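Report on the structure given below.
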Amino acid sequence: MMEIIPAIDIIGGQCVRLTEGDFAQQTTYDSNPLEVAKRFESHGIKRLHLVDLDGARAKKPVNLAVLESIAANTNLTIDFGGGIQSEEAIKQAFDAGAAQITAGSIAVREPDTVKSWLLKYGADKIIIGADFKGTNIAISAWTEESKYPLQDFISGYVKTGARLFICTDVSKDGKLQGPSINTYRHLKLTLPEAGIIASGGVTTVSDLEELQEIGVKGAIIGKAIYEGTISLKNLERFIC
């Protein structure tokens, strides 16, 4: 069964969403992320993708108090990303209650560092963030498409023991235009051993049905929940 993973993105302790990762295109949805997380849990949700956007800019975790509050007051399995640039940051996230961390830009810039984390903490604890535009990895805070093919990036990490990949199509993120179904289908066919978590563009229940049929491990849902194109009630049938 595909895992349903709502996203909470944090700026200034509040629940926000960006469009295409652009801080100038920010919408604030709720001032209390804990209450949002509790609503998710009340509908049977078991997973949460928590992103510290302030931390991403500061290159170190900033909103650890939000992580700690949600971890202490819910039973959600939390993967935490944003500002994970050092082993100290990993320790802070785990100490605050994260079950997993997502290695984002550092996985592109410093693969040897991330590979050492995989060895130390295990492939179930370290998720590789594979942000992409077109068929290539996106860099420079999502503003630029590199010449590094997405498939080669994932394949390289699979060979070093990584198993979980959040694959975010940054050209679709926050736009409610549907996910990159063909990209995820191709990844599942060519790299069946990779646990692909689809992110970016999920808009409707039909999108989730297509992703489930492809066989992705999980689907991250953000703006669709906050804008009401997918209700929490709609999600219950996808949850064991």
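The values are calculated or read from the model by the stated rules, or taken from the named source; none is laboratory data. Everything quoted here is computed from the prediction, not taken from an experiment. Don't worry about glycine lacking a Cβ; one is built from the backbone with ideal geometry, like all the others, and counts go over all protein chains shown. Heavy atoms of the whole protein, side chains included, go into the accessibility calculation; ligands, DNA and RNA do not. Shrake-Rupley method; radii C 1.70, N 1.55, O 1.52, S 1.80 Å.
Points worth noting:
- Scan the stretch 69-98 for residues that are out of contact with any helix residue (DSSP H, G or I) (no Cβ under 8 Å at 6 or more places or on another chain) and more than 21 Å from ASP131 (Cα to Cα) and the total you get is 7.
- Qualifying residue in the stretch 207-230 (condition: in a loop (DSSP other than H, G, I, E, B), surrounded by 15 or more Cβ atoms within 10 Å (Cβ to Cβ) and among the hydroxyl-bearing types (Ser, Thr, Tyr)): yes
Rundown of residues vs (1) over 16 Å from GLY200 (Cα atoms); (2) among the aromatic types (Phe, Trp, Tyr); (3) assigned to a strand (DSSP E or B), yes/no style:
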{"residue": "ALA89", "(1), (2), (3)": "yes, no, no"}
{"residue": "LEU118", "(1), (2), (3)": "yes, no, no"}
{"residue": "LYS147", "(1), (2), (3)": "yes, no, yes"}
{"residue": "SER155", "(1), (2), (3)": "yes, no, no"}
{"residue": "GLY174", "(1), (2), (3)": "no, no, no"}
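- Residue pairs whose Cβ atoms lie under 8 Å apart, sitting 6 or more positions apart in sequence or on different chains, and linking a residue in the stretch 46-63 that is under 18 Å from GLU87 (Cα atoms) and surrounded by fewer than 20 Cβ atoms within 10 Å (Cβ to Cβ) to a partner that is at pLDDT below 95 and hydrophobic (A, V, I, L, M, F, W, C), are ARG57/PHE23.
- When GLY129, GLY134, GLY122, GLY161 are checked against the criterion of being under 16 Å from the mean Cα position of the chain (by Cα) and of a type outside the set (Phe, Trp, Tyr), a single residue qualifies: GLY129.
- Within the stretch 75-130, considering residues that are open to solvent by 20 Å² or more (accessible area, probe 1.4 Å) and in contact with a Ser or Thr (Cβ under 6 Å, 6 or more places away or on another chain), the one nearest to ALA194 (Cα to Cα): LYS115
- GLU68 under 29 Å from MET1 (Cα atoms), open to solvent by 50 Å² or more (accessible area, probe 1.4 Å) and of a type in the set (Asp, Glu): yes
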